[in-house]
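The values are calculated or read from the model by the stated rules, or taken from the named source; none is laboratory data. Just so we're clear, the structure is a prediction, and the values are computed from it rather than from any experiment. Neighbour counts run over all protein chains shown; Cβ positions are idealised from the backbone, glycine included.
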Amino acid sequence: MRLNFLFDLDQTLLDFHASEYRALGIVLRENGLSFSEEIYEAFKAFNKSLWLELEKGRITRTEVFEKRFRYIFGVCGADLPDPLRVNEAFIRAMSVNGVPMQGALDFVNRLKSGIRDAGIYIASNGASVNARGRIASTGLDRYVDGVFVSEEMGVMKPDPRFFEICLEQIGAPRENCIMVGDSLTSDMLGACRASLKSVWFMPSGDWQRAMKEYEIDYCASSFDELYEVLRKWAADR
């Protein structure tokens, strides 16, 4: 019996912020602007707020891309020539600057070899070039059986249709699949809406309240702990 593990990409297996930091520095310097930790933190906070609005369906992907660079060029006191051109350069820079979370590659290798017939899939919101590029640039692609990216699918987490497409393409019943991710509002809420088992990775804050609110089945705060959770889940199938 094949068991299928759906992993969020960013801050679960790959360090999105490390790649984002590198790419933003490259793009700003290419446009003759200075770059600093303070500028990055401003971009990161604003960008996160935009993606939360996108998850709620209040803005479009194009608006995310335009607004984040209009904002950060304004912070830098510079005119923005073409926000979508700058965004395209930013995504290209991110795609070749993938950074694994510490221990992530060892973990997926252990999962693949330690659980018989394990299928490992990426289930990510974001741009295809960005996600697929970073997966390849880190070597994560050696362990992955499939990649699902919201830009290609036309729907994003937490919409249950995202997961229905994943299950249909994997060709597996939902009881043989489990979702692992760090985000409550996309990964855990999406799994709940799609009636999938879920593991909240790297929980923070009032985790007991969050587990009840989002009907989360398991949580894990390290890759070692995550492996044990998934191994036990697999053994109970």
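Before moving on, here are some points about what is shown:
- Filter result for Gly98 (without any contact (Cβ under 8 Å) to a residue 40 or more places away in the chain, among the small types (Gly, Ala, Ser) and in a loop (DSSP other than H, G, I, E, B)): no
- Scanning segment 26-61 for residues that are crowded, with 16+ Cβ neighbours inside 10 Å and hydroxyl-bearing (Ser, Thr, Tyr) yields one hit, Tyr40.
- Some residue of segment 191-205 being loosely packed, with under 13 Cβ neighbours inside 10 Å, at pLDDT below 95 and over 20 Å from Val108 (Cα atoms): yes
- Criterion (among the aliphatic types (A, V, I, L, M) and touching a strand residue (DSSP E or B) at 6+ places or on another chain (Cβ under 7 Å)) met by exactly one of Met179, Met153: Met179
- Meets criteria (in the same structural domain as Val155 (by TED's automatic domain parsing), under 19 Å from the mean Cα position of the chain (by Cα) and not aromatic (Phe, Trp, Tyr)) for Ile115: no
- Matching entry among Val96, Val64, Val75, Val86 (being β-branched (Val, Ile, Thr), in contact with a Ser or Thr (Cβ under 8 Å, 6 or more places away or on another chain) and either surrounded by fewer than 18 Cβ atoms within 10 Å (Cβ to Cβ) or not assigned by TED's automatic domain parsing to the domain that holds Glu225 (or both)): Val96
- Helices (runs of 4 or more DSSP H) wholly inside segment 121-237 containing at least 2 residues that are under 23 Å from Lys48 (Cβ atoms) and in contact (Cβ under 8 Å) with a residue 40 or more places away in the chain: 128-138
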